[in-house]
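Here's the structure we're looking at; comments come further down.
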Amino acid sequence: MAGDGVPLVLQFSPRFVAPRRAAGELILAPQSPVAPPPAPPSEATVRLDRHKASGRPEVPLVPRYAPGFATPAASDPPVRIEIAAVDFDHADAAPVLAVGSWRGTPSLAPLRMHFAVPRSAFATDAARTTLVTGVLSWRRGGLNETVKLLFVVLPDRPGSFAFDQQVRTLVPEANTLVSPEILARGEVGKTRSVRRCFDPPAGWRFDKSQRRVVTMERLGWVDDVSDPTMNDGTVEFAADEGRDQICVVVTARPVAKDARTATIGRFEATLVHDAAQESVVKSGVRALDWNEPVRVPLEPGLTDGRLYLRLLGEIDREFDRLAEEAGAPAAGLPFVAVSRDGDGKTLILRADSTVEPKLDP
């Protein structure tokens, strides 16, 4: 199509206009003045209306203001537009680009036109993208010809997000174990010891700081006459028990050579196991920022996560299974990059106006 002497626009850039730099400045709204109390009516005044006055005078609308102590941000640089075109040397005069109320002529290069358009010429919304049409016009053969260039202007605020984390924590649960009774019986004049070991049930463990031995009975006999004082037996924990078990030694020890003895004992211990407990930690709705990434700490015990994104006031995305190692959302998400930090403990959301979606030519 090119080469027949007719001026032709092939392509232009950028398609997306970067957001304004001053989007993050502190802006405050002035407070409404307090209305003075209404004056009491004069005794000589007769009021015919039954409607009560509101007592609040109308406050004229005033623009928002930035406080005087806030240093204004640097002015936005001009938007540099490059247009690839052919045969514009056949035009009667240099072409003119109009964006809003701004008009200007280009600096020319082989097959290229360059314009520096003030950023203020592009209308901008606070939260949504704005479509701005630029008109490139020229005269050829005494006739006016135009081409429209469509720009997508990015808003001051990129959007917002929410991140829900499913967390599994181990909560200790305790129970008390009472062992069976252990009997040690000694013959006349002899000491007898019985050693028994106990393992915790599957999935449980002993808390050895919470245990005690119990002497149920200490019995003794001399010539079949009961005399508990003849028994010097004991109930105690074994010194050589395993790390994960409890061993008890019950001893029947006669005081006199002609005494028979019997000792009955047991132990009580606390059993502990870790019960999994599921909970959800919500970040709440948080704003994204063009100038600074947002960091969200990943909770210990994270098993799953779901990220909700609302971009440019109209793009909704939802991602799950963020707990996986490759857990960043799929590539191709416009204007935002999601990643993790080096140690994998923080989710980083970076709004970036250069991460543009691909547009069909």
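Values quoted throughout were computed directly from the atomic coordinates according to the rules given, and no laboratory measurement underlies them. Since the structure is predicted, the reported quantities are computational estimates derived from the model, not experimental observations. Cβ sites come from the backbone with ideal geometry, for glycine too, and all protein chains shown count toward neighbours.
Given H placed 1.01 Å from N in the peptide plane, which residues other than close sequence neighbours of residue 238 have an amide H under 5 Å from its amide H? The list, which skips near neighbours in sequence, is 247, 248, 249. The tail of the calculated P(r) for region 170-275 beyond 24 Å holds 34 percent of all Cα-Cα pairs.
Remark: 316, 352 ranked as 316, 352, counting other beta-carbon atoms within 10 Å and listing the fewest first. In order along region 93-102, phi translates into HN-Hα couplings of 8, 4, x, 10, 9, 10, 10, x, 8, 8 Hz, rounded to whole numbers, per the Karplus curve 6.51 cos²θ - 1.76 cosθ + 1.60 with θ = phi - 60° and x for Gly and Pro. For residue 232, the residues 5 or more places off, or on other chains, whose built amide H falls under 5 Å of its own are 253, 255.
Here residue 190 is the anchor, and the aspartates and glutamates within straight C-alpha reach of less than 17 Å, apart from those fewer than 8 places off in the same chain, are 223, 224, 227, 232, 258. Ordered by the number of other Cβ atoms lying within 10 Å of each residue's own Cβ, fewest first, 263, 191 fall into the sequence 191, 263.
Cβ-to-Cβ counts within 10 Å put 105, 261 in ascending order as 105, 261, the fewest first. A straight line joining the Cα centroids of region 82-117 and region 234-306 runs 77 Å. Annotation: peptides 162-168, 275-281, 7-13, ranked by per-residue average of other Cβ atoms within 10 Å with the highest first, follow the order 162-168, 7-13, 275-281. Backbone amide hydrogens, once placed in the peptide plane, bring residue 85 within less than 5 Å of 10, 112, 113, excluding anything fewer than 5 places away on its chain.
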